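> There's a structure below that I have some questions on.
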Amino acid sequence: MEHHEHHHDCHHHEHEVGKSKIEQALSKYNLNVSDEEVAQAVRKIIAEKVHENDNLDVKRFLFGSIELTTLKTTDSEESVLAFTERVNEFENAYPDLPHVATVCVYPCFASIVSQTLEVEGVEVACVSGSFPSSQALIEVKVAETALAVKDGATEIDIVMPVGKFLSGDYESVADDISELKQTCGNSVAMKVILETGDLKTAANIKKAAILSMYAGADYIKTSTGKEKVSATPEAAYVMCHAIREYYDETGIQIGFKPAGGINSPMDALIYYTIVKETLGDKWLTNKWFRLGTSRLANMLLSEIEGQEVKFF
């Protein structure tokens, strides 16, 4: 209870210091994060901990956490239909393996995926809100998101307005995110992509993570995969610490999704290990931990099967 009493104290002082609600929320967290310390911690985890997770059970788990993603300019109704059919066929081809966690597409394909998908428990994720730039009027973002949900999206991935964040306009960033969360409603999980490669510093990543969770994110995600720098272990480490602190402060569990540049099973194992070391087993389910990738599916499958498999 001490925490909560402390919060009430803060509110009494609100007028004296003139702090906005957002500044108050941010002030409860350690935002003074050093890039060098983060890099050191990540090096240590990679050197000392990853090898113990390098086994078939973890690889099977990782396969079941994949968000099988196609976000190409060349995607068409035919290609997305075929893509979804592979997920249906996988159930029969590999009955002993977990299915992927989601199929992730542009909103214009939400209805095709939701009508074609036959596998119980695979979510339909759509990137929305003028992905990947997030540069659109909020009315456009709301309309796109509402249409995706109407067409069967069960999860929505949006990009935090990075330009507004870098300008220090945290109120507008939070408003954008919370309005889109309202559009999703409680039954549709919303992931907020921080685009960590554009935020550059650990301190910025930490602040963006806290701000996104405070504003209504159900998950925080590293990257779109469309910028020069995508997911990094360092960004993941900072984001997982933010999730841990937010959980300790509020009791609200937020999911984590590294995405972009996950090119090998070893990359996935590193993210898994970072989650395990910072957040623990409570996050190691295919609900709370997701991997945004299309490349990884065949690679993991090949390692699990002990021979090259090109299924997807």
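Here is a yes/no grid of residues against (1) farther than 14 Å from Glu234 by Cα; (2) at pLDDT below 50; (3) open to solvent by 50 Å² or more (accessible area, probe 1.4 Å):
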position: His3; (1), (2), (3): yes, yes, yes
position: His6; (1), (2), (3): yes, yes, yes
position: Asp9; (1), (2), (3): yes, yes, yes
position: Glu16; (1), (2), (3): yes, yes, yes
position: Glu23; (1), (2), (3): yes, no, yes
position: Lys28; (1), (2), (3): yes, no, yes
position: Asn32; (1), (2), (3): yes, no, yes
position: Glu36; (1), (2), (3): no, no, yes
position: Ala39; (1), (2), (3): no, no, no
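> Also, I was wondering about something else. Which ones in segment 72-99 are touching a residue at least 12 places away in the same chain (Cβ under 8 Å) and either more than 19 Å from Met299 (Cβ to Cβ) or buried (at least 18 other Cβ atoms within 10 Å of the Cβ) (or both)?
Asp75, Glu77, Val80, Leu81, Phe83, Thr84, Glu85, Val87, Asn88, Phe90, Glu91, His99
> Okay, moving on. I'd like to verify a number: residues in segment 100-115 that are crowded, with 24+ Cβ neighbours inside 10 Å and either assigned to a loop (DSSP other than H, G, I, E, B) or not aromatic (Phe, Trp, Tyr) (or both), how many?
8
> Those residues that are in a helix (DSSP H, G or I) and either among the hydrophobic types (A, V, I, L, M, F, W, C) or in contact with a Gly (Cβ under 7 Å, 6 or more places away or on another chain) (or both), I need them from segment 66-93; list them, please.
Passing the criteria: Val80, Leu81, Ala82, Phe83, Val87, Phe90, Ala93.
> How many residues does segment 184-208 contain that are among the small types (Gly, Ala, Ser) and closer than 19 Å to Lys287 by Cα?
Summing the residues that are among the small types (Gly, Ala, Ser) and closer than 19 Å to Lys287 by Cα in segment 184-208 gives 3.
> Of the residues Glu144, Glu118, which single one is assigned to a loop (DSSP other than H, G, I, E, B), open to solvent by 20 Å² or more (accessible area, probe 1.4 Å), charged (D, E, K, R) and at pLDDT 95 or above?
Being assigned to a loop (DSSP other than H, G, I, E, B), open to solvent by 20 Å² or more (accessible area, probe 1.4 Å), charged (D, E, K, R) and at pLDDT 95 or above holds for just one of Glu144, Glu118, which is Glu118.
> What number of residues in segment 279-294 are without any contact (Cβ under 8 Å) to a residue 12 or more places away in the chain and surrounded by 21 or more Cβ atoms within 10 Å (Cβ to Cβ)?
Final tally of qualifying residues: 0.
> Return the total of residues in segment 245-272 being among the β-branched types (Val, Ile, Thr) and either within 25 Å of Asn32 (Cβ to Cβ) or surrounded by fewer than 20 Cβ atoms within 10 Å (Cβ to Cβ) (or both).
3
The values are calculated or read from the model by the stated rules, or taken from the named source; none is laboratory data. Every value quoted in this text rests on a predicted model; they were computed, and no experiment measured them. No Cβ is skipped: glycine too gets one built from the backbone with ideal geometry, and neighbour counts run over all protein chains shown. These area figures cover heavy atoms from the full protein model, side chains too; ligands, DNA and RNA do not enter into them. Shrake-Rupley method; radii C 1.70, N 1.55, O 1.52, S 1.80 Å.
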